[in-house]
Structures are given as C-alpha cells and as structure tokens.
Amino acid sequence: DLRRWIKFANSLRLKHALRMVEKDPDDALPILIEIMENDLDVIDDGEDIVMMPSEQGWRNEGKHWSFREHRNLRMGSNIWRTLSESDDLSGSGIFDPRAAIFFEGNTDNDWAYFPQIPEDDTPPSGGSPYQGQRDANYNFKGAGNIYASFNYYLIRDENTIPEILLTASEIHFAKAEIYMRGLGIAQSTAQAEAAYTSGVVASMVFWQNIFLNSAIWDNHPPELTYGQIFGKTNHPEISIFINDNKLELIYKQRWLDNFRQPWEAFALLRRTNLTPREGAANDFFRFTYPPSEAEKNPEHWSEQVAKMGKDDTDVKVWWMRN
C-alpha cells in the first residue's frame, strides 16, 4: 500500500524534525512547515506501525524472558500518579483505563507502588509475578510480591502483542506541540487542544485493542465504547481545556503513551525536561562508550571524544540544544 508508506515517511519526518528543531531549526522548521501547512498525509487512527509476531511468523520470546529473569520491575510512584488521583490501595482513585492494561495489583490485589526514590528502609520487591507458572495459576504472584507489577498478559503474550514502532497518537501529540508552540506555523491553542484530545483518545483505543486482540488475555478490564473513552478526556487530570500547563500536559500524555517505547520516552525527557519526574532534574543524556572501544578502536574513539569534550553520561547527544 504505497499511500501508507508515504504516510509513514511523512510521519517519521515530522517526528524527527520536531526532535531536532531546537538544535537545528534551519533544517527542521522547513519540514514542519511543509507537512503542517500542506496538510500532508501522516498516519491516522488505526494505522499504527507495529511488528505483529503472529502475522510475521515469529514469537516474541525475549519480552517474557527479560521480565522473568529481571524479576524486580514494578509499578513506580511516578507513573502511578499520572493514572490515579489518590493512593487508595483499592485503586478507587484510578481515572485512566490504561492503568489496568499496563499494571495489575500485588499478591493481595492492592495497587501499591514502589517509590521512585526509595528510602534506605524501603522493602525490596519480591515474589514471582512474571514466572510461567501463572499460566496455570494466574493468581499466584508469590508471597513477597508486595508492589503492583506489570500486567502479566502484556508481557506474556508472545504472539498477538505487537512491538511498537510508531503510533497515530504520537503524531497527534507531535502536532499538538507544534500548534501550541507555533513552530514554523501560526500558534493555535484551539488546534493544539484538538490534536491533544485526539492523541489521548487514540492512545486509549490503541491500548484497549491490545488486550482485545490478545489470544490469551483473560483477566482484562471491561471494554469501553468509543464514547466512554472520549469521556475520559474530560477528567481534570487529563483535560487540556481546563489545564493551564497545556504544553506540559501534552508531554505527559505522550510520555505515558510511550509505555512500551522507553527509548522514545527517554528522547522526550532529554529534549523537553518536562515529562513527569520525581527528584532532581535529569542530567543523564547518553551511555558512555564501552572500554573495548578505547582499547580496540583508539584512533576513532579519541577523535570522537575530542569532539564531545569528554566521554560521560552528561554529554548531550547531537540533537539536543546545549
């Protein structure tokens, strides 16, 4: 489908031009202007670019393996506070339907978060919420599983849970930012609000379809109609129409939608420094080169480090403004 390839290409251009606009506006702004002013085709709702194992003849075995072997991944306080308006362990404060898609309660079915910045006496995570024995006994998460964990089926389904490359909601949020900031085009709060709302709805629909299309996801939340999903955008913590920090809200929802795209969430954090965060501002921008580079490729390693000034984690990558 050539038209969809064109939409994909335009969407990638829009996404990456926005990423580099602070550092290289001379190259980035003309791309944003071309796509936005000419209303070029980009991917729309239902046209998300994903890799689907069952349709491509492979099994995504590494995902379950990584959770099972790591064992300690749990729901943190930072994301919890973007999904719930209270810390009630029953989950009564949850206002975002994606909470029960991303996570599940602990052994006692309590929505207990792991503190993003733990104290010295914070109890460690335990139990076995990701082990394969839950296939036969779903409720068995291990006695020490005192914190809410990632939803078992989200990481267990190796065939009908996609690996995400680019979603329609990402493009809606990108457009919302462009309109809100007036990047190369006339600033329009109204158009930003509309694009943002479309992004939230597209994200909730996308994640609902994840569990609806899964071949093994049995204990999923109730299916919501489109109207019910749209109604969720009126919640005070989500609605952009009653929020003064509109740009920050756009970043928050784009970050939340990147739940299974941590590389994209990290890029958004580094570019804006306005995604949800607890503690000090981020100063980690890149990984250092492995020691083997200095040992086995000393000439080019030295040349590159000289360009950067040093090989450290606080050195900004090429598309970040200094």
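Observations
- Test item: Cα-centred dipole of segment 1-98, Lys/Arg +1 and Asp/Glu -1 on Cβ, debye: 660
- Karplus-based coupling profile of segment 146-151, in residue order and whole Hz: 8, 10, 4, 10, 4, 4, with θ = phi - 60° in 6.51 cos²θ - 1.76 cosθ + 1.60 and x standing for Gly or Pro.
- Each of Gly142, Ile185, Ile210 was scored by the projection of its Cα onto the charge dipole of segment 130-269, and the greatest displacement toward the positive side belongs to Ile185; charges sit on the C-beta of Lys, Arg, Asp and Glu.
- For segment 249-322, chymotrypsin sites (Phe, Trp or Tyr not before Pro) are listed when DSSP marks them as loop and at most 12 other Cβ atoms sit within 10 Å of their Cβ; the list is Phe284, Phe287, Trp318.
- Among the listed pairs Lys63/Lys307; Lys7/Lys246; Lys15/Lys310; Lys23/Lys252; Lys15/Lys316; Lys23/Lys310, a Cα-Cα separation exceeding 25 Å is found for Lys63/Lys307; Lys7/Lys246; Lys15/Lys310.
- For segment 174-257, the gyration tensor built on C-alpha atoms gives a prolate shape. Its axis ratio a/c (a ≥ b ≥ c) is at least 1.5, and a/b is the larger of a/b and b/c.
- Shape analysis of segment 142-288 based on the Cα gyration tensor places the equivalent ellipsoid semi-axes at 28, 21, 15 Å, largest first.
- Taken about its Cα centre, the chain carries a charge dipole of about 240 debye when Lys and Arg each add +1 at the Cβ and Asp and Glu each add -1 at the Cβ.
- For segment 1-110, the fraction of alpha-carbon pairs in successive 10 Å shells from zero, as %: 11, 23, 23, 30, 12, 1
- Share of alpha-carbon pairs per 10 Å distance bin for segment 1-50, given as whole %: 27, 50, 22, 2
- Leu73 contributes about 60 Å² of solvent-accessible surface, heavy atoms of the protein only, 1.4 Å probe.
- Low-density loop cleavage sites - chymotrypsin sites (Phe, Trp or Tyr not before Pro) in segment 98-140, where at most 14 other Cβ are within 10 Å (DSSP): Tyr138
- The chain - mean residue ellipticity at 222 nm from DSSP helices (-39,500 (n - 2.57) per run, n ≥ 4, rounded to 500): -13000 deg cm²/dmol
- Around the amide H of Asp48, modelled in the peptide plane, lie the amide H atoms of Ala168, all under 5 Å away and 5 or more residues distant in sequence or on another chain.
- Where GluC sites (Glu not before Pro) fall in DSSP loop in segment 140-204, at most 10 other Cβ within 10 Å: none
- Relative contact order (%) - criterion: Cα under 8 Å, at least six apart; region: segment 243-322: 25
- Once the Cα gyration tensor of the chain is diagonalised, semi-axes √(5λ) in Å: 32, 27, 21
The values are calculated or read from the model by the stated rules, or taken from the named source; none is laboratory data. These numbers were taken from a predicted model, which means no experiment stands behind them. FYI the Cβ positions are ideal-geometry reconstructions off the backbone, even for glycines, and counts take in every protein chain you see. The accessibility values were calculated without ligands, DNA or RNA, using every heavy atom of the protein model including side chains. Shrake-Rupley method; radii C 1.70, N 1.55, O 1.52, S 1.80 Å.
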